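Read-outs throughout are calculated quantities, based only on the coordinates presented, and are distinct from any laboratory measurement. Since we're looking at a predicted model, the values are computed, not measured. We place every Cβ from the backbone using ideal geometry, glycine too, and count neighbours over all the protein chains shown.
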Protein chains: 2
Amino acid sequence: MAYVHNFSAGPCVLPQAVFEEASQALLNFDNLGLSIIEISHRSPSFVAVMEEARSLVKELLEVPDGYTVLFLQGGASMGFLTVAYNMIRNQKKAAYVNTGAWAKKAAKEFSFVGELDIIASSEDKNYSYIPKNIVAGSDYDFLHITSNNTISGTQYKDFPTSDTPLVCDMSSDIFSRKINVADFDIIYAGAQKNMGPAGTAVYIVKESILGNSSIPIPTMLDLNTHYSKDSMFNTPPVFAIYASMLNLRWLKKNGGVGHIQNVNEKKATLLYNEIDNNPLFEGTTAIEDRSTMNATFLLKEAALTDTFNKMWQEANISGIKGHRSVGGYRASMYNALPIESVMELVNVMKELTEKHG
Amino acid sequence: MAYVHNFSAGPCVLPQAVFEEASQALLNFDNLGLSIIEISHRSPSFVAVMEEARSLVKELLEVPDGYTVLFLQGGASMGFLTVAYNMIRNQKKAAYVNTGAWAKKAAKEFSFVGELDIIASSEDKNYSYIPKNIVAGSDYDFLHITSNNTISGTQYKDFPTSDTPLVCDMSSDIFSRKINVADFDIIYAGAQKNMGPAGTAVYIVKESILGNSSIPIPTMLDLNTHYSKDSMFNTPPVFAIYASMLNLRWLKKNGGVGHIQNVNEKKATLLYNEIDNNPLFEGTTAIEDRSTMNATFLLKEAALTDTFNKMWQEANISGIKGHRSVGGYRASMYNALPIESVMELVNVMKELTEKHG
């Protein structure tokens, strides 16, 4: 079968080696004669998977001492509520930055526990940029940001710095670039971009924040519940964690986060250069805030839409339709997307211009 | 490799056909040239999976009109909080029956939103029976029960009937026997017994209860959020739902719930007869409340423990160690466990008695 260039925004492409090993493990995992999905989550074989997954996160992101790693359920959407409950303090007030639909949803959940202020927003320009010079004063319990905005294609290049604890939804760019974990009190991320398949979310949590909420926390939303049970308070999403572990192993084997960051920058440069230099296309975001993960762009001549769509489909390119709120195209270039796929897209864009430009 | 008789309490045995088809789908799903875990959850191929899974639940359990089926995350543990939020009404008071560790955990979550009464309990005899003649008066918003108690091995044979709305955690026996869905306002269940792999939970919800809570509900805990988006409000746990769908297809193909109920009763009778007739063993629960899913039993002569453990391990039997709170043994006989596995266990029990009884 022809290789499909999978530019999906998430769930998204993962390494072929992950599909192959997971496929085998569904038939016979760890030479037990049992499938990965029929063994007890308390069995030594799965406990080893969970511990390897947690320790790979620590190693790949150089997580400092005093932080714990948890694999939970509910995606980042449940994370919005979880971080609100776990970070609320005596001021019962939090600062959120609104850089898009997901940031807005995150902010909404804080309203169930306290008072929120949107201290910066790019809603005025359809979220096409990242607000600069963000400062959250000490009258806030914490500041919440969204590192990469999948829909609009923007990404923080620097994170706000202040004494106010920083909480970050890193769903769509975690493991894509080096970060300084010590800058954050909680980093959380749905798995289904660079970590693994849909069905789990990773939390990197400063241990000293646990148990300090100013309101009672329901059991499953309390990060301390999961921390105290090594991320096994209740049955974890076994397969999603296993496949994430395989993917993190792949990342380590292939040079780790520093190396993949270089590759990601190369892929993004290749595509953005074409967007900027090809007279038929234009980007939709502020150049300095462009995401290396999700490139959003428009075809300037609407009359060529059908032609272009046919061309990239014939080239086995998949998943580049833009989100309805931005329109046009969105090419998601997560870690496992080969640079050859970006080259193929660029070739199709060039070909369109040669034939119809 | 020798066949392993998998008596795990959950995650547990699923049909071999499910492992095989899921294994293939990880390499090439729906002939797309893509893995099931790299496609968009909004793609027609996955939307079809979600819709087939929801409609198989309706068909297999004869769910009447006016009920919806949702596949969410967080297991039954998140369900404890979810049902509390969605079923609390003006009395802000709920009745819970305490039949074991999971029932107790369910009750605890209601305390975050309202006042709870444990109106019946079997804690006095280590949860070895199901309280009878349970009546929750009209001063309660709802009555909560746990249909099957995995740890202690007890199961409701009849459900309480009253005008008070009934909510049931059916995690460990859903799809194992016929039920009358119309008796319940919400049935919820973690997948990892008879539905599929760990990582999703099914909710069968009377639509008329939606939107009637007396307190504000955080977005992800509001069943209405998921109902209004056809169970796709946020990225669902794609693989767990896919494998559940395959398993429900298998159940339908193999005679449905009525047929599997007969098989389950045969398997349980076979094992309980041996427990009762073999002088070396004894059951731990009231005979009339015995679970068809989880049989708990003790070896009367402690001196034979090592011998027995060695014998069943040599027979490729796995997962029958009892929960620490009950001790002894627990044989879980979920839908996909072949009757031959039960026969093998019974043979080992007989052999122990012949040689050492």
Taking N as the number of residues in region B:39-154, the ratio of its alpha carbon radius of gyration to 2.2 N^0.38 Å works out to 1.28
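Determine the dipole magnitude for the protein assembly as shown: charges of +1 sit on the beta-carbon of Lys and Arg, -1 on that of Asp and Glu, nothing else is charged, the reference point is the Cα centre, and the result goes in debye to the nearest 20.
Details: 60 positive and 76 negative charges, 8 e Å.
Dipole of the protein assembly as shown, to the nearest 20 debye: 40 debye.
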Specify the residue with the greatest mean-square fluctuation among A:T235, A:T146, A:T296, computed from a Gaussian network of chain A linking alpha-carbon atoms under 10 Å apart. A:T235
Spelling out what I want: for every residue of region A:9-25, take phi, set θ = phi - 60°, compute 6.51 cos²θ - 1.76 cosθ + 1.60 (Karplus), and round to whole Hz; glycine and proline get x. 7, x, x, 9, 4, 10, x, 4, 4, 5, 4, 5, 5, 5, 4, 5, 5
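By count of other Cβ within 10 Å, fewest leading, how are A:K266, A:K206 ordered?
Values: A:K266 14, A:K206 17.
Fewest-to-most Cβ neighbours within 10 Å comes out as A:K266, A:K206.
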How many percent of the alpha carbon pairs in chain A exceed a separation of 34 Å? 28 percent
Translational diffusion coefficient, Stokes-Einstein: compute it for region A:161-201 using the Kirkwood radius over C-alpha pairs as Rh, at 37 °C and 0.692 mPa s, and state it as an integer in µm² s⁻¹. 299 µm²/s
Please compute the contact order of chain B in relative form: average sequence separation of alpha-carbon pairs under 8 Å and at least six residues apart, divided by the residue count, as a percent. 23 percent
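Roughly what % of DSSP beta bridges within chain B run antiparallel, to the nearest 5?
Of those bridges, close to 55 percent are antiparallel.
Name the trypsin sites (Lys or Arg not before Pro) in region A:103-167 that are in a loop by DSSP and that have at most 14 other C-beta atoms within 10 Å, would you? Provide the component values of the computation, followed by the final result.
On the way: sites: A:K104, A:K105, A:K108, A:K125, A:K132, A:K157; in loops: A:K132, A:K157.
Within region A:103-167, the qualifying trypsin sites (Lys or Arg not before Pro) (loop, at most 14 other Cβ atoms within 10 Å) are A:K132, A:K157.
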What is the mean number of Cβ atoms from other protein chains located within 10 Å of the Cβ atom of each residue in peptide B:7-14, rounded to a whole number? 5
Cα to Cα, under 20 Å, and not fewer than 8 places away if on the same chain: which lysines meet these conditions relative to B:K178? B:K58, B:K157, B:K193, B:K206, B:K252, B:K253, B:K266, B:K267
List the distances, in nm to one decimal, from the label point of B:P216 to the label points of the same position in every other copy, shortest first, placing each label point 7 Å from Cα along the Cα-to-Cβ direction. 1.9
Give me the net charge for the shell around B:I36: Cβ to Cβ below 11 angstrom, other residues only, Lys and Arg +1, Asp and Glu -1. -3
Taking a label point 7 Å from Cα toward Cβ, how far is A:S55 from its twins in the other copies, in nm, shortest first? 4.8
Mean other chain Cβ within 10 Å across A:184-193 is 1
Which lysines, if any, have their Cα less than 17 Å from the Cα of B:K93, not counting same-chain residues under 8 positions apart? B:K104, B:K105, B:K108
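Can you compute the helix-only [θ] at 222 nm over chain B? Use -39500 (n - 2.57) per DSSP H run of at least 4 residues, normalise by all residues, nearest 500 deg cm²/dmol. Before the final figure, lay out the partial values.
Working: 9 runs with 121 residues, N = 357.
Computed ellipticity for chain B at 222 nm equals -11000 deg cm²/dmol.
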Stick to Cα atoms and the Kirkwood definition of Rh, then tell me Rg/Rh for region A:293-357. 0.94
Modelled FRET efficiency - R0 35 Å, B:K104 with A:M1, Cβ distances, 0.05 increments: 0.10
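Is there a simple number for the mean count of other chain Cβ atoms within 10 Å of the Cβ of residues in B:24-30, and what is it? Kindly include the intermediate steps, with their values, before the conclusion.
Working: counts 2, 3, 12, 6, 3, 0, 0.
Neighbouring Cβ atoms belonging to other protein chains average 4 per residue here.
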Counting only residues 5 or more places away or on other chains, whose amide H sits under 5 Å from the amide H of A:F29 once H atoms are built in the peptide plane? A:L34, A:S35, A:I36
With +1 on the Cβ of every Lys and Arg and -1 on the Cβ of every Asp and Glu, and nothing else charged, how large is the dipole of region A:142-241 about its Cα centre, in debye rounded to the nearest 20? 280 debye
Considering only C-alpha atoms, what is the centroid distance from region B:31-95 to region A:303-331, in Å? 32 Å
Quick one: compute a quarter of the convex hull surface over the Cα atoms of region B:201-287 and quote it in nm². 10.0 nm²
P(r) over all Cα-Cα pairs of region A:228-357, 5 Å bins from 0 to the longest distance, whole percent per bin, short to long, reads 2, 9, 17, 19, 16, 11, 9, 7, 5, 2, 2, 1, 0
Sequence-distant residues sharing a close amide H with A:S214 (under 5 Å, placed H): A:I88, A:R89
To one decimal in nm, how far is A:M1 from the same spot in the other copies, if labels go 7 Å from Cα toward Cβ? Please give the shortest first. 2.5
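Rank-order A:315-326, A:80-91, A:241-252 by packing density, defined as the average count of other C-beta atoms within 10 Å over each peptide's residues, highest first.
Numbers: A:315-326: 17.5, A:80-91: 21.9, A:241-252: 23.7.
Per-residue Cβ counts within 10 Å, averaged per peptide and sorted highest first, yield A:241-252, A:80-91, A:315-326.
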At B:A303 and B:D139, where each label point lies 7 Å from the Cα along Cα→Cβ, what is the point-to-point distance in nanometres? 5.8 nm
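Ratio of the protein assembly as shown's C-alpha Rg to 2.2 N^0.38 Å, to two decimals? If you can, show how the numbers build up before the last one.
Working: Rg = 26.5 Å, N = 714, 2.2 N^0.38 = 26.7 Å.
So the protein assembly as shown has a normalised radius of gyration of 0.99.
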What do the square roots of 5 times the Cα gyration tensor eigenvalues come to for region A:12-69, in whole Å, largest first, as semi-axes of the equivalent ellipsoid? 25, 17, 7
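Magnitude of the Cβ-charge dipole of chain A, K/R +1 and D/E -1, about the Cα centre, nearest 20 debye? Please report the intermediate quantities before stating the final value.
Working: 30 positive and 38 negative charges, 58 e Å.
The calculation lands at about 280 debye.
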